[in-house]
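Data block below; observations after.
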Amino acid sequence: MNKQQEEVRKKSPIQIKNRKASFEYFFIEEFTAGIVLTGTEIKSIRLGKASLVDTYCTIINGELWVKGMSVSPYFYGSYNNHEMKRDRKLLLTRREINRLASATKQTGYTIVPLLVFIDEKGRAKMDIALCKGKKEFDKRQTLKEKEDRREMDRAMKVYK
């Protein structure tokens, strides 16, 4: 990920994050993918009405799909409204999809959505990562490090 892409993410008014992902997985490699959406879905995402809780990605017939992503129905949408939870296609290059497919054939590896954001052209994009699941002791270590950082921040505030 280059500096320009990072700036786009920071400037984006909409950032829907999968907060549980960093606790549950080690990130091996990250990608940015486009999302194929209908008219009312993009309007809901621009309002921030989406959730990445319990989502995962899978490769079906050489195409990457996100499953379990929840996008609330658009308030002003009438009979044209979309389904809340449906499979949505992700757009990556053939080379990236092949790399992900070969990596997920190994045990313990999966593809997890990390972030949904709107780019400078108004399109919805999703950051995904090739991940390896953490063991229980890894999760405890993560919690311990987080608590240590909190304590250090508190101590720094006291001394200032």
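The values are calculated or read from the model by the stated rules, or taken from the named source; none is laboratory data. Everything quoted here is computed from the prediction, not taken from an experiment. Cβ sites come from the backbone with ideal geometry, for glycine too, and all protein chains shown count toward neighbours. Surface accessibility is based on the protein's heavy atoms, side chains included, excluding ligands, DNA and RNA. Shrake-Rupley method; radii C 1.70, N 1.55, O 1.52, S 1.80 Å.
Which whole-number value in Å² is the accessible area per residue of segment 28-115, probe 1.4 Å? Provide the component values of the computation, followed by the final result.
Numbers: 5070 Å² over 88 residues.
Here the residues of segment 28-115 average 58 Å² of exposed surface.
Rounding to the nearest 20 debye, state how big the charge dipole of segment 35-112 is about its Cα centre with +1 on each Lys and Arg Cβ and -1 on each Asp and Glu Cβ.
For this selection, approximately 160 debye.
Report the label-to-label distance for residue 27 and residue 109 in nanometres (one decimal), using points 7 Å from each Cα along the Cα→Cβ vector.
So the two model labels end up 1.8 nm from each other.
Averaged across orientations, what area in nm² does the convex hull of the alpha carbons in the chain project?
Computing the convex hull of the Cα atoms and averaging its projections yields 12.2 nm².
Rounded to a whole number of µm²/s, how large is the Stokes-Einstein D of segment 82-160 at 37 °C and 0.692 mPa s, given Rh as the Kirkwood radius over C-alpha pairs?
Rounded, D is 198 µm²/s.
Which value, in debye to the nearest 20, gives the size of the charge dipole of the chain about its Cα centre, when Lys and Arg are +1 and Asp and Glu are -1 at the Cβ?
About 260 debye.
Fully extended, how many nm does the chain gain between residue 46 and residue 70 (0.36 nm per residue separation, minus their Cα-Cα distance)? Intermediate values should be presented prior to the final figure.
On the way: separation 24, 0.36 × 24 = 8.64 nm, distance 1.37 nm.
The residue 46-residue 70 span can extend by a further 7.3 nm.
I'd like the projected area of segment 26-65, averaged over all directions, using the convex hull of its alpha carbons. Report it in nm² with one decimal.
Result: 4.2 nm².
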